[in-house]
Amino acid sequence: MWWLQFVAKKLDKRLSDLGATAIVERGLGDDQHPSGYEAALDPWLSSLWSRLNEIKPHFFPKGPDFLVSNEELIGLPKFQVTYHNVDDIDSRLSTATDFKYLQMQIGRARSMSSGKVLHEKSKPDAFLKMVKNFPLTRASHEKDVRHFEFEFASQVIKYEIGDVLEVLPSQSPAAVDSFIQRCNLDPESLITVHPRERENRHIDNNVNTLDVPIKLRTFVELTMDVTSASPRRYFFEARSCIFFATAEHEKERLQYFASPEGRDDLYQYNQKERRTVLEVLEDFPSVQMPFEWFVQLAPPLKNRAFSISSSPLAHPTQVHLTVDVVSWTTPFKRRRQGLCSTWLASLDPEQSIYIPVWFHKGLLPPPPPSLPLIVIGPGTGCAPFRGFVEERAVQSQSSTIAPTLLFFGCRNKDNDFLYRDFWLSHSENDGVLSEAKGGGFYAAFSRDQPQKVYVQHKMQEQSERIWNLLCEGAAIYVAGSSTKMPSDVMAAFEEIISKESGAPRESAVRWLRSLEKAGKYHVEAWS
(Lines give C-alpha, C1' and ligand atoms only; values in the text may rest on other atoms or scores of the structure.)
Protein backbone atom coordinates (compact mmCIF):
# COMPACT_ATOMS: atom_id res chain seq x y z
CA MET A 1 0.00 0.00 0.00
CA TRP A 2 1.02 3.57 -0.63
CA TRP A 3 2.04 4.41 2.95
CA LEU A 4 4.57 1.58 3.08
CA GLN A 5 6.85 3.60 0.76
CA PHE A 6 5.76 7.02 1.95
CA VAL A 7 9.09 7.97 3.55
CA ALA A 8 11.13 7.02 0.47
CA LYS A 9 8.82 8.96 -1.84
CA LYS A 10 8.78 12.00 0.44
CA LEU A 11 12.59 12.00 0.76
CA ASP A 12 12.99 11.64 -3.00
CA LYS A 13 10.64 14.57 -3.63
CA ARG A 14 12.36 16.72 -1.01
CA LEU A 15 15.80 16.12 -2.54
CA SER A 16 14.39 16.94 -5.96
CA ASP A 17 12.82 20.15 -4.63
CA LEU A 18 16.22 21.15 -3.23
CA GLY A 19 17.76 20.81 -6.68
CA ALA A 20 19.31 17.34 -6.45
CA THR A 21 19.58 15.27 -9.61
CA ALA A 22 18.87 11.55 -9.46
CA ILE A 23 21.62 9.40 -10.93
CA VAL A 24 19.18 6.48 -11.24
CA GLU A 25 15.41 6.24 -11.01
CA ARG A 26 14.01 5.82 -7.52
CA GLY A 27 13.67 2.16 -6.47
CA LEU A 28 10.74 0.94 -4.40
CA GLY A 29 10.84 -2.54 -2.88
CA ASP A 30 7.90 -4.57 -1.61
CA ASP A 31 8.54 -7.13 1.12
CA GLN A 32 5.18 -8.75 0.31
CA HIS A 33 6.28 -9.55 -3.25
CA PRO A 34 6.56 -13.36 -3.68
CA SER A 35 10.30 -12.99 -4.29
CA GLY A 36 10.68 -10.47 -1.47
CA TYR A 37 12.00 -6.94 -1.77
CA GLU A 38 14.91 -8.29 -3.84
CA ALA A 39 12.59 -8.49 -6.85
CA ALA A 40 12.94 -4.72 -7.16
CA LEU A 41 16.30 -4.38 -5.40
CA ASP A 42 18.35 -6.59 -7.75
CA PRO A 43 17.69 -4.69 -11.00
CA TRP A 44 17.90 -1.36 -9.17
CA LEU A 45 21.33 -2.20 -7.70
CA SER A 46 22.55 -3.37 -11.09
CA SER A 47 21.57 -0.06 -12.67
CA LEU A 48 23.10 1.85 -9.74
CA TRP A 49 26.50 0.11 -10.01
CA SER A 50 26.55 0.58 -13.78
CA ARG A 51 25.73 4.26 -13.49
CA LEU A 52 28.30 4.84 -10.72
CA ASN A 53 30.89 3.06 -12.85
CA GLU A 54 30.16 5.52 -15.66
CA ILE A 55 30.46 8.54 -13.37
CA LYS A 56 33.31 7.39 -11.11
CA PRO A 57 35.06 4.39 -12.71
CA HIS A 58 37.80 4.44 -10.03
CA PHE A 59 35.14 3.21 -7.57
CA PHE A 60 35.19 -0.10 -9.44
CA PRO A 61 38.79 -0.90 -10.43
CA LYS A 62 37.72 -4.45 -11.38
CA GLY A 63 34.39 -3.43 -12.94
CA PRO A 64 30.87 -3.25 -11.47
CA ASP A 65 30.24 -6.96 -12.05
CA PHE A 66 33.22 -8.20 -10.01
CA LEU A 67 32.12 -10.64 -7.30
CA VAL A 68 33.71 -10.86 -3.86
CA SER A 69 34.58 -14.42 -2.87
CA ASN A 70 32.36 -16.31 -0.45
CA GLU A 71 35.23 -16.54 2.05
CA GLU A 72 35.44 -12.74 2.26
CA LEU A 73 31.68 -12.35 2.59
CA ILE A 74 30.87 -14.96 5.19
CA GLY A 75 32.01 -13.10 8.32
CA LEU A 76 30.45 -14.06 11.64
CA PRO A 77 26.80 -14.80 12.40
CA LYS A 78 24.90 -12.14 14.30
CA PHE A 79 24.07 -14.55 17.12
CA GLN A 80 26.36 -16.50 19.39
CA VAL A 81 25.41 -19.85 20.92
CA THR A 82 27.10 -20.78 24.19
CA TYR A 83 27.03 -24.38 25.47
CA HIS A 84 26.77 -25.01 29.21
CA ASN A 85 27.21 -27.80 31.74
CA VAL A 86 24.22 -29.41 33.42
CA ASP A 87 25.09 -27.62 36.66
CA ASP A 88 24.19 -24.31 35.01
CA ILE A 89 20.42 -25.03 35.00
CA ASP A 90 18.56 -22.39 36.96
CA SER A 91 17.64 -23.74 40.39
CA ARG A 92 14.35 -21.81 40.25
CA LEU A 93 12.96 -24.46 37.90
CA SER A 94 13.14 -27.20 40.53
CA THR A 95 10.59 -25.43 42.72
CA ALA A 96 8.38 -23.93 39.98
CA THR A 97 4.81 -25.12 39.50
CA ASP A 98 3.86 -26.74 36.18
CA PHE A 99 2.48 -23.52 34.66
CA LYS A 100 5.26 -21.43 36.13
CA TYR A 101 7.81 -23.83 34.65
CA LEU A 102 6.14 -23.76 31.22
CA GLN A 103 5.89 -19.99 31.32
CA MET A 104 9.55 -19.61 32.26
CA GLN A 105 10.65 -22.13 29.63
CA ILE A 106 8.76 -20.36 26.84
CA GLY A 107 9.90 -16.98 28.10
CA ARG A 108 13.54 -18.05 28.18
CA ALA A 109 13.48 -19.50 24.68
CA ARG A 110 11.61 -16.65 23.02
CA SER A 111 13.60 -13.92 24.77
CA MET A 112 16.69 -15.38 23.08
CA SER A 113 15.05 -15.80 19.66
CA SER A 114 16.43 -13.97 16.61
CA GLY A 115 12.81 -13.17 15.74
CA LYS A 116 12.18 -11.36 19.03
CA VAL A 117 10.31 -8.12 18.33
CA LEU A 118 11.05 -5.05 20.42
CA HIS A 119 8.66 -4.77 23.39
CA GLU A 120 6.95 -8.05 22.48
CA LYS A 121 6.18 -10.11 25.55
CA SER A 122 8.13 -13.37 25.64
CA LYS A 123 6.17 -15.04 28.43
CA PRO A 124 2.60 -16.07 27.61
CA ASP A 125 -0.23 -14.31 29.41
CA ALA A 126 -1.96 -17.57 30.20
CA PHE A 127 -2.41 -21.24 29.31
CA LEU A 128 -5.67 -22.55 27.89
CA LYS A 129 -7.09 -26.06 27.75
CA MET A 130 -9.41 -27.05 24.90
CA VAL A 131 -12.84 -28.26 26.04
CA LYS A 132 -14.72 -28.32 22.71
CA ASN A 133 -13.64 -28.92 19.11
CA PHE A 134 -16.31 -29.36 16.46
CA PRO A 135 -16.75 -28.53 12.76
CA LEU A 136 -19.01 -25.72 11.57
CA THR A 137 -18.96 -26.90 7.95
CA ARG A 138 -20.18 -30.12 6.40
CA ALA A 139 -17.65 -32.92 6.14
CA SER A 140 -18.08 -32.95 2.35
CA HIS A 141 -17.36 -29.22 2.04
CA GLU A 142 -14.00 -28.14 0.64
CA LYS A 143 -13.30 -26.00 3.70
CA ASP A 144 -13.00 -27.17 7.28
CA VAL A 145 -13.99 -24.39 9.69
CA ARG A 146 -13.90 -25.28 13.39
CA HIS A 147 -15.34 -23.90 16.58
CA PHE A 148 -12.95 -24.20 19.51
CA GLU A 149 -13.76 -23.55 23.15
CA PHE A 150 -11.01 -23.17 25.73
CA GLU A 151 -10.98 -22.81 29.48
CA PHE A 152 -8.29 -21.02 31.43
CA ALA A 153 -5.94 -23.65 32.83
CA SER A 154 -3.78 -21.07 34.62
CA GLN A 155 -4.91 -17.63 35.81
CA VAL A 156 -8.00 -16.07 34.23
CA ILE A 157 -7.20 -13.10 32.00
CA LYS A 158 -9.77 -10.35 31.57
CA TYR A 159 -10.50 -9.63 27.93
CA GLU A 160 -13.11 -7.72 25.91
CA ILE A 161 -15.11 -8.44 22.79
CA GLY A 162 -13.09 -7.47 19.73
CA ASP A 163 -9.84 -8.60 21.33
CA VAL A 164 -7.34 -10.86 19.59
CA LEU A 165 -5.86 -14.09 20.91
CA GLU A 166 -2.35 -15.08 19.84
CA VAL A 167 -1.51 -18.77 19.96
CA LEU A 168 1.97 -20.31 19.92
CA PRO A 169 1.61 -23.38 17.68
CA SER A 170 3.27 -26.71 18.35
CA GLN A 171 5.55 -28.13 15.68
CA SER A 172 5.67 -31.82 14.78
CA PRO A 173 8.05 -33.48 17.30
CA ALA A 174 9.20 -35.91 14.60
CA ALA A 175 10.05 -33.06 12.22
CA VAL A 176 11.93 -31.16 14.95
CA ASP A 177 13.91 -34.32 15.74
CA SER A 178 14.68 -34.81 12.04
CA PHE A 179 15.98 -31.25 11.76
CA ILE A 180 18.23 -31.68 14.81
CA GLN A 181 19.52 -35.00 13.51
CA ARG A 182 20.11 -33.57 10.01
CA CYS A 183 22.18 -30.76 11.53
CA ASN A 184 24.19 -33.18 13.69
CA LEU A 185 23.12 -31.45 16.90
CA ASP A 186 22.71 -32.79 20.41
CA PRO A 187 19.08 -32.14 21.46
CA GLU A 188 19.99 -32.37 25.15
CA SER A 189 22.69 -29.68 24.97
CA LEU A 190 22.15 -26.73 27.27
CA ILE A 191 22.54 -23.43 25.45
CA THR A 192 22.12 -19.70 25.70
CA VAL A 193 21.73 -17.51 22.61
CA HIS A 194 22.52 -13.82 22.43
CA PRO A 195 23.58 -11.26 19.82
CA ARG A 196 27.26 -10.60 19.36
CA GLU A 197 26.49 -6.90 19.75
CA ARG A 198 24.87 -7.57 23.10
CA GLU A 199 24.62 -3.96 24.22
CA ASN A 200 22.07 -3.35 21.47
CA ARG A 201 19.88 -6.25 22.60
CA HIS A 202 16.45 -5.43 23.98
CA ILE A 203 15.90 -7.40 27.18
CA ASP A 204 12.40 -8.27 28.28
CA ASN A 205 12.36 -7.07 31.88
CA ASN A 206 9.50 -9.43 32.65
CA VAL A 207 11.61 -12.47 31.78
CA ASN A 208 15.18 -11.84 32.97
CA THR A 209 16.26 -15.13 31.40
CA LEU A 210 18.82 -14.15 28.80
CA ASP A 211 21.64 -16.06 30.53
CA VAL A 212 19.64 -19.03 31.81
CA PRO A 213 20.48 -22.14 29.76
CA ILE A 214 17.80 -24.04 27.88
CA LYS A 215 17.84 -27.34 26.03
CA LEU A 216 18.73 -27.01 22.37
CA ARG A 217 15.68 -29.04 21.34
CA THR A 218 13.38 -26.79 23.36
CA PHE A 219 14.91 -23.70 21.77
CA VAL A 220 14.35 -25.09 18.25
CA GLU A 221 10.83 -26.26 19.05
CA LEU A 222 9.72 -22.92 20.53
CA THR A 223 11.53 -20.37 18.36
CA MET A 224 12.59 -21.73 14.94
CA ASP A 225 9.97 -22.58 12.31
CA VAL A 226 11.63 -25.57 10.64
CA THR A 227 8.42 -27.42 9.75
CA SER A 228 6.08 -24.96 7.98
CA ALA A 229 7.58 -21.64 6.88
CA SER A 230 9.76 -21.23 3.78
CA PRO A 231 13.19 -19.64 4.26
CA ARG A 232 13.72 -16.26 2.63
CA ARG A 233 16.13 -15.74 -0.25
CA TYR A 234 19.09 -14.81 1.94
CA PHE A 235 19.04 -18.38 3.30
CA PHE A 236 20.34 -19.48 -0.12
CA GLU A 237 22.98 -16.80 -0.53
CA ALA A 238 26.75 -16.78 -0.11
CA ARG A 239 26.57 -16.00 3.59
CA SER A 240 24.76 -19.25 4.27
CA CYS A 241 24.02 -22.34 2.18
CA ILE A 242 26.46 -21.67 -0.66
CA PHE A 243 29.47 -21.30 1.61
CA PHE A 244 28.64 -24.43 3.60
CA ALA A 245 27.85 -26.68 0.62
CA THR A 246 30.66 -29.12 -0.17
CA ALA A 247 29.16 -30.82 -3.25
CA GLU A 248 30.00 -28.80 -6.37
CA HIS A 249 26.69 -29.44 -8.13
CA GLU A 250 24.77 -28.26 -5.05
CA LYS A 251 26.95 -25.17 -4.75
CA GLU A 252 26.29 -24.31 -8.42
CA ARG A 253 22.54 -24.69 -7.99
CA LEU A 254 22.54 -22.52 -4.86
CA GLN A 255 24.61 -19.85 -6.62
CA TYR A 256 22.08 -19.83 -9.44
CA PHE A 257 19.18 -19.48 -6.98
CA ALA A 258 20.95 -16.56 -5.28
CA SER A 259 21.54 -14.73 -8.57
CA PRO A 260 19.12 -12.22 -10.14
CA GLU A 261 18.69 -14.62 -13.07
CA GLY A 262 17.62 -17.45 -10.75
CA ARG A 263 15.24 -15.40 -8.61
CA ASP A 264 12.06 -16.61 -10.36
CA ASP A 265 13.18 -20.26 -10.31
CA LEU A 266 13.94 -19.92 -6.61
CA TYR A 267 10.43 -18.57 -6.12
CA GLN A 268 8.98 -21.61 -7.90
CA TYR A 269 11.18 -24.03 -5.92
CA ASN A 270 10.88 -22.39 -2.53
CA GLN A 271 7.95 -20.05 -1.90
CA LYS A 272 5.52 -21.50 -4.44
CA GLU A 273 6.05 -25.01 -3.12
CA ARG A 274 6.27 -23.72 0.47
CA ARG A 275 9.38 -25.78 1.14
CA THR A 276 10.48 -25.82 4.75
CA VAL A 277 13.99 -25.39 6.11
CA LEU A 278 14.13 -29.13 6.75
CA GLU A 279 13.09 -29.94 3.17
CA VAL A 280 15.67 -27.55 1.71
CA LEU A 281 18.40 -29.19 3.79
CA GLU A 282 17.26 -32.61 2.60
CA ASP A 283 17.51 -31.40 -1.02
CA PHE A 284 21.06 -30.12 -0.37
CA PRO A 285 22.59 -32.85 1.84
CA SER A 286 26.16 -31.54 1.58
CA VAL A 287 25.26 -28.29 3.36
CA GLN A 288 26.63 -28.46 6.91
CA MET A 289 25.83 -25.13 8.52
CA PRO A 290 26.84 -24.22 12.10
CA PHE A 291 23.89 -23.85 14.45
CA GLU A 292 24.60 -20.13 14.93
CA TRP A 293 23.75 -19.53 11.28
CA PHE A 294 20.52 -21.50 11.56
CA VAL A 295 19.52 -19.34 14.54
CA GLN A 296 20.01 -16.27 12.37
CA LEU A 297 18.60 -17.55 9.05
CA ALA A 298 15.76 -19.94 9.88
CA PRO A 299 12.30 -18.32 9.90
CA PRO A 300 11.20 -17.49 13.46
CA LEU A 301 8.24 -19.43 14.83
CA LYS A 302 5.50 -16.81 14.98
CA ASN A 303 2.39 -16.64 17.09
CA ARG A 304 -0.85 -16.94 15.14
CA ALA A 305 -3.53 -14.31 15.80
CA PHE A 306 -7.27 -15.04 15.89
CA SER A 307 -10.27 -12.83 16.57
CA ILE A 308 -11.97 -13.94 19.77
CA SER A 309 -15.51 -15.13 19.04
CA SER A 310 -16.93 -15.10 22.57
CA SER A 311 -18.06 -12.58 25.16
CA PRO A 312 -16.55 -12.66 28.65
CA LEU A 313 -19.96 -11.65 30.00
CA ALA A 314 -21.44 -14.85 28.57
CA HIS A 315 -18.38 -17.06 29.24
CA PRO A 316 -16.35 -15.63 32.17
CA THR A 317 -13.84 -18.49 32.29
CA GLN A 318 -13.68 -19.35 28.59
CA VAL A 319 -12.35 -18.12 25.25
CA HIS A 320 -13.85 -19.21 21.92
CA LEU A 321 -12.25 -19.17 18.48
CA THR A 322 -13.57 -19.67 14.94
CA VAL A 323 -10.76 -21.11 12.83
CA ASP A 324 -10.46 -22.03 9.17
CA VAL A 325 -8.24 -25.13 9.03
CA VAL A 326 -5.85 -24.10 6.26
CA SER A 327 -4.80 -26.57 3.57
CA TRP A 328 -3.85 -26.27 -0.09
CA THR A 329 -2.15 -28.06 -2.97
CA THR A 330 1.06 -26.71 -4.50
CA PRO A 331 1.74 -26.55 -8.26
CA PHE A 332 3.58 -29.88 -7.96
CA LYS A 333 0.56 -31.46 -6.23
CA ARG A 334 2.10 -31.46 -2.76
CA ARG A 335 -0.46 -31.20 0.03
CA ARG A 336 0.26 -28.43 2.51
CA GLN A 337 -1.43 -27.53 5.78
CA GLY A 338 -1.42 -24.52 8.05
CA LEU A 339 0.72 -25.20 11.11
CA CYS A 340 -1.44 -23.69 13.86
CA SER A 341 -4.95 -24.37 12.52
CA THR A 342 -4.11 -28.01 11.73
CA TRP A 343 -2.57 -28.51 15.16
CA LEU A 344 -5.59 -27.02 16.93
CA ALA A 345 -7.97 -29.14 14.85
CA SER A 346 -6.02 -32.27 15.84
CA LEU A 347 -6.36 -31.68 19.57
CA ASP A 348 -8.63 -33.92 21.60
CA PRO A 349 -10.47 -32.08 24.42
CA GLU A 350 -9.98 -35.18 26.55
CA GLN A 351 -6.23 -34.60 26.48
CA SER A 352 -4.56 -32.17 28.87
CA ILE A 353 -2.68 -30.06 26.35
CA TYR A 354 -1.80 -26.61 27.65
CA ILE A 355 -1.81 -23.94 24.96
CA PRO A 356 0.29 -20.80 25.53
CA VAL A 357 -1.56 -17.63 24.55
CA TRP A 358 -1.26 -13.86 24.56
CA PHE A 359 -4.15 -11.36 24.60
CA HIS A 360 -4.09 -8.19 22.53
CA LYS A 361 -6.38 -5.35 21.56
CA GLY A 362 -7.68 -5.76 18.04
CA LEU A 363 -9.03 -3.23 15.54
CA LEU A 364 -12.65 -3.64 16.67
CA PRO A 365 -13.22 -1.69 19.90
CA PRO A 366 -16.12 -2.90 22.07
CA PRO A 367 -19.16 -0.70 21.41
CA PRO A 368 -21.35 0.62 24.24
CA PRO A 369 -24.82 -0.99 24.34
CA SER A 370 -26.43 2.33 23.41
CA LEU A 371 -24.58 2.55 20.07
CA PRO A 372 -26.47 1.28 16.97
CA LEU A 373 -24.36 -1.11 14.91
CA ILE A 374 -24.11 -2.08 11.25
CA VAL A 375 -21.96 -5.19 11.14
CA ILE A 376 -20.55 -6.99 8.07
CA GLY A 377 -18.78 -10.32 8.64
CA PRO A 378 -18.73 -12.84 5.77
CA GLY A 379 -17.07 -16.23 6.31
CA THR A 380 -14.90 -16.41 9.41
CA GLY A 381 -15.22 -12.61 9.55
CA CYS A 382 -18.35 -13.31 11.62
CA ALA A 383 -16.15 -14.56 14.49
CA PRO A 384 -15.75 -11.33 16.50
CA PHE A 385 -19.42 -10.43 15.93
CA ARG A 386 -20.56 -13.66 17.54
CA GLY A 387 -18.97 -12.19 20.68
CA PHE A 388 -20.68 -8.84 20.05
CA VAL A 389 -24.11 -10.50 19.84
CA GLU A 390 -23.45 -12.65 22.92
CA GLU A 391 -22.47 -9.53 24.86
CA ARG A 392 -25.56 -7.58 23.83
CA ALA A 393 -27.78 -10.55 24.66
CA VAL A 394 -26.46 -10.48 28.25
CA GLN A 395 -26.70 -6.67 28.45
CA SER A 396 -30.32 -6.74 27.18
CA GLN A 397 -31.36 -8.62 30.32
CA SER A 398 -30.69 -5.57 32.48
CA SER A 399 -30.76 -2.57 30.13
CA THR A 400 -31.94 -1.32 26.74
CA ILE A 401 -29.66 -2.03 23.81
CA ALA A 402 -29.42 -0.23 20.48
CA PRO A 403 -30.32 -1.98 17.18
CA THR A 404 -27.82 -4.24 15.42
CA LEU A 405 -27.90 -5.06 11.70
CA LEU A 406 -25.66 -8.01 10.83
CA PHE A 407 -24.74 -9.10 7.30
CA PHE A 408 -23.20 -12.55 6.87
CA GLY A 409 -22.02 -14.30 3.72
CA CYS A 410 -20.87 -17.76 2.68
CA ARG A 411 -21.03 -20.06 -0.34
CA ASN A 412 -23.90 -22.40 0.47
CA LYS A 413 -26.71 -22.39 2.98
CA ASP A 414 -26.31 -26.12 3.60
CA ASN A 415 -22.50 -26.37 3.62
CA ASP A 416 -20.81 -23.42 5.33
CA PHE A 417 -23.50 -21.36 7.05
CA LEU A 418 -21.34 -20.77 10.15
CA TYR A 419 -23.26 -20.55 13.45
CA ARG A 420 -26.59 -20.83 11.62
CA ASP A 421 -28.67 -21.73 14.69
CA PHE A 422 -26.97 -19.02 16.76
CA TRP A 423 -27.79 -16.21 14.32
CA LEU A 424 -31.34 -17.41 13.70
CA SER A 425 -32.11 -17.76 17.41
CA HIS A 426 -30.98 -14.20 18.07
CA SER A 427 -33.01 -12.86 15.12
CA GLU A 428 -36.26 -14.22 16.62
CA ASN A 429 -38.30 -13.78 19.80
CA ASP A 430 -37.03 -10.31 20.70
CA GLY A 431 -33.42 -11.36 20.23
CA VAL A 432 -30.54 -8.95 19.66
CA LEU A 433 -30.89 -9.26 15.88
CA SER A 434 -34.70 -9.32 15.78
CA GLU A 435 -36.78 -6.72 13.99
CA ALA A 436 -38.64 -6.21 17.26
CA LYS A 437 -35.38 -4.80 18.66
CA GLY A 438 -34.80 -2.73 15.52
CA GLY A 439 -32.17 -5.17 14.28
CA GLY A 440 -31.85 -7.67 11.49
CA PHE A 441 -29.84 -10.60 10.21
CA TYR A 442 -29.20 -10.99 6.47
CA ALA A 443 -27.28 -13.85 4.89
CA ALA A 444 -25.85 -13.96 1.35
CA PHE A 445 -25.23 -17.39 -0.18
CA SER A 446 -23.00 -16.75 -3.16
CA ARG A 447 -23.26 -20.17 -4.86
CA ASP A 448 -26.88 -21.15 -4.24
CA GLN A 449 -28.14 -19.50 -7.44
CA PRO A 450 -26.76 -18.89 -10.96
CA GLN A 451 -25.87 -15.28 -10.19
CA LYS A 452 -23.50 -14.78 -7.29
CA VAL A 453 -24.84 -12.88 -4.30
CA TYR A 454 -22.50 -11.28 -1.78
CA VAL A 455 -22.93 -9.23 1.40
CA GLN A 456 -22.85 -5.96 -0.53
CA HIS A 457 -25.92 -7.08 -2.49
CA LYS A 458 -27.79 -7.79 0.74
CA MET A 459 -26.73 -4.37 1.98
CA GLN A 460 -28.23 -2.76 -1.11
CA GLU A 461 -31.52 -4.56 -0.39
CA GLN A 462 -31.56 -2.97 3.08
CA SER A 463 -30.47 0.44 1.84
CA GLU A 464 -33.16 2.40 3.68
CA ARG A 465 -32.62 0.63 7.02
CA ILE A 466 -28.87 1.19 6.80
CA TRP A 467 -29.36 4.87 6.01
CA ASN A 468 -31.78 5.34 8.90
CA LEU A 469 -29.34 3.74 11.35
CA LEU A 470 -26.48 5.88 10.04
CA CYS A 471 -28.61 8.97 10.61
CA GLU A 472 -29.13 7.77 14.19
CA GLY A 473 -25.33 7.69 14.69
CA ALA A 474 -24.63 4.02 14.02
CA ALA A 475 -21.07 2.68 13.90
CA ILE A 476 -19.88 0.37 11.13
CA TYR A 477 -17.84 -2.78 11.82
CA VAL A 478 -16.33 -4.88 9.03
CA ALA A 479 -14.30 -8.09 9.40
CA GLY A 480 -13.10 -10.80 7.03
CA SER A 481 -10.91 -11.40 4.00
CA SER A 482 -8.63 -8.55 2.98
CA THR A 483 -8.89 -9.25 -0.77
CA LYS A 484 -11.89 -7.45 -2.31
CA MET A 485 -14.47 -7.57 0.44
CA PRO A 486 -13.55 -4.43 2.46
CA SER A 487 -13.41 -2.24 -0.66
CA ASP A 488 -16.65 -3.74 -2.05
CA VAL A 489 -18.40 -3.06 1.25
CA MET A 490 -17.08 0.50 1.30
CA ALA A 491 -18.35 1.02 -2.25
CA ALA A 492 -21.77 -0.33 -1.24
CA PHE A 493 -21.96 2.18 1.63
CA GLU A 494 -21.03 4.97 -0.78
CA GLU A 495 -23.85 3.97 -3.12
CA ILE A 496 -26.37 3.64 -0.29
CA ILE A 497 -25.52 7.03 1.22
CA SER A 498 -25.59 8.73 -2.19
CA LYS A 499 -28.91 7.11 -3.13
CA GLU A 500 -30.74 7.67 0.15
CA SER A 501 -29.48 11.20 0.77
CA GLY A 502 -29.70 12.38 -2.82
CA ALA A 503 -26.13 13.69 -2.52
CA PRO A 504 -23.38 13.10 -5.09
CA ARG A 505 -20.97 10.18 -4.64
CA GLU A 506 -18.19 12.55 -3.55
CA SER A 507 -20.29 13.66 -0.60
CA ALA A 508 -20.88 10.05 0.39
CA VAL A 509 -17.13 9.46 0.32
CA ARG A 510 -16.60 12.45 2.62
CA TRP A 511 -19.33 11.18 4.95
CA LEU A 512 -17.58 7.83 5.34
CA ARG A 513 -14.21 9.52 5.86
CA SER A 514 -15.73 11.58 8.64
CA LEU A 515 -17.02 8.36 10.22
CA GLU A 516 -13.50 6.92 10.09
CA LYS A 517 -12.04 10.04 11.71
CA ALA A 518 -14.72 9.90 14.40
CA GLY A 519 -13.82 6.28 15.19
CA LYS A 520 -17.11 4.88 13.90
CA TYR A 521 -15.90 2.87 10.88
CA HIS A 522 -13.77 -0.11 11.90
CA VAL A 523 -12.20 -2.75 9.68
CA GLU A 524 -10.31 -5.89 10.71
CA ALA A 525 -9.17 -7.81 7.64
CA TRP A 526 -6.73 -10.65 7.10
CA SER A 527 -5.24 -12.50 4.16
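The values are calculated or read from the model by the stated rules, or taken from the named source; none is laboratory data. This one's a predicted model, so the numbers in the text were calculated from it and none came from an experiment. Heads up, the Cβs are rebuilt from the backbone with ideal geometry, glycines too, and the neighbour counts pull from every protein chain shown. Surface areas here come from the heavy atoms of the whole protein model, side chains and all, with no ligands, DNA or RNA. Shrake-Rupley method; radii C 1.70, N 1.55, O 1.52, S 1.80 Å.
What's the total number of residues in the stretch 465-492 that are open to solvent by less than 60 Å² (accessible area, probe 1.4 Å) and in contact (Cβ under 8 Å) with a residue 60 or more places away in the chain?
Residues meeting the conditions: 14.
Which is of a type outside the set (A, V, I, L, M), out of contact with any His (no Cβ under 9 Å at 6 or more places or on another chain) and farther than 18 Å from D42 by Cα, of E261, E237, E279?
Residue meeting the stated conditions: E279.
Please go through the stretch 132-147 and give me each residue that is surrounded by 14 or more Cβ atoms within 10 Å (Cβ to Cβ) and of a type in the set (A, V, I, L, M, F, W, C), ordered by number.
L136, V145, listed by residue number.
Of the residues that make up the stretch 166-180, is at least one modelled with pLDDT under 90, of a type outside the set (A, V, I, L, M) and open to solvent by 30 Å² or more (accessible area, probe 1.4 Å)?
The answer is no, given that none of the residues of the stretch 166-180 is modelled with pLDDT under 90, of a type outside the set (A, V, I, L, M) and open to solvent by 30 Å² or more (accessible area, probe 1.4 Å).
From P365, P372, which residue is surrounded by 18 or more Cβ atoms within 10 Å (Cβ to Cβ) and touching a residue at least 12 places away in the same chain (Cβ under 8 Å)?
Unique residue meeting the criteria: P372.
Residues of the stretch 205-238 being among the aliphatic types (A, V, I, L, M) and modelled with pLDDT of 80 or more, which ones?
V212, I214, L216, V220, L222, M224, V226, A229
Anything in the stretch 454-493 that is among the polar types (S, T, N, Q) and touching a Lys or Arg at 6+ places or on another chain (Cβ under 7 Å)? List them, or say none. So that I can check it myself, show each step before the final result.
Residues of the stretch 454-493 that are among the polar types (S, T, N, Q), as a first pass: 456, 460, 462-463, 468, 481-483, 487.
Selection gives S463 alone.
Can you list the helices (runs of 4 or more DSSP H) lying wholly within the stretch 40-120 that have 2 or more residues being at pLDDT 80 or above, within 30 Å of L28 (Cβ to Cβ) and open to solvent by 40 Å² or more (accessible area, probe 1.4 Å)?
none
Please work out if V295 is β-branched (V, I, T), in contact (Cβ under 8 Å) with a residue 40 or more places away in the chain, outside any strand (DSSP E or B) and open to solvent by less than 40 Å² (accessible area, probe 1.4 Å).
When the stated conditions are applied, V295 passes them.
Could you check how many residues of the stretch 161-186 are in contact with an Asp or Glu (Cβ under 9 Å, 6 or more places away or on another chain), assigned to a loop (DSSP other than H, G, I, E, B) and charged (D, E, K, R)?
Residues meeting the conditions: 0.
Looking only at the stretch 493-504, decide whether some residue is exposed (fewer than 13 other Cβ atoms within 10 Å of the Cβ) and either more than 29 Å from the chain's Cα centre (by Cα) or in the same structural domain as C410 (by the TED database) (or both).
yes
For a quick check of your reading of the model, give me the residue pairs whose first member lies in the stretch 219-231 and is closer than 9 Å to A109 by Cβ and open to solvent by 20 Å² or more (accessible area, probe 1.4 Å), whose second is aliphatic (A, V, I, L, M) and part of a loop (DSSP other than H, G, I, E, B), with beta-carbon atoms closer than 9 Å and at least 6 apart or on different chains.
These pairs meet every condition: E221/L301; L222/L168; L222/L301.
Going through the stretch 505-527 one residue at a time, which ones are open to solvent by less than 60 Å² (accessible area, probe 1.4 Å) and within 26 Å of the chain's Cα centre (by Cα)?
Those that are open to solvent by less than 60 Å² (accessible area, probe 1.4 Å) and within 26 Å of the chain's Cα centre (by Cα): G519, K520, Y521, H522, V523, E524, A525.
Answer yes if at least one residue in the stretch 495-507 is touching a strand residue (DSSP E or B) at 6+ places or on another chain (Cβ under 9 Å), β-branched (V, I, T) and within 29 Å of I161 (Cα to Cα), and no otherwise.
no
Hey, H202 hits all of (1) at pLDDT 90 or above; (2) not assigned by the TED database to the domain that holds F294 but one; which does it fall short on?
H202 satisfies every listed condition except (1).
D414: closer than 25 Å to F134 by Cβ, outside any loop (DSSP other than H, G, I, E, B) and among the charged types (D, E, K, R), yes or no?
Values: closer than 25 Å to F134 by Cβ: yes; outside any loop (DSSP other than H, G, I, E, B): no; among the charged types (D, E, K, R): yes.
So D414 fails the test.
Give the residue that is surrounded by the most Cβ atoms within 10 Å (Cβ to Cβ), with candidates limited to residues of the stretch 239-267 that are in contact (Cβ under 8 Å) with a residue 12 or more places away in the chain and outside any helix (DSSP H, G or I).
Per the criteria, the residue is A245.
If you check A492, A444, which single one turns out to be farther than 30 Å from F148 by Cβ and in contact with a His (Cβ under 9 Å, 6 or more places away or on another chain)? I'd like the intermediate steps shown before the answer.
On the way: A444 fails: farther than 30 Å from F148 by Cβ.
Within the list A492, A444, the selection yields A492.
Could you tell me whether P312 is part of a loop (DSSP other than H, G, I, E, B) and over 26 Å from E250 (Cβ atoms)?
The answer is yes for P312.
Would you check if there is a residue in the stretch 268-281 being assigned to a helix (DSSP H, G or I) and among the polar types (S, T, N, Q)?
Yes, because at least one residue in the stretch 268-281 is assigned to a helix (DSSP H, G or I) and among the polar types (S, T, N, Q).
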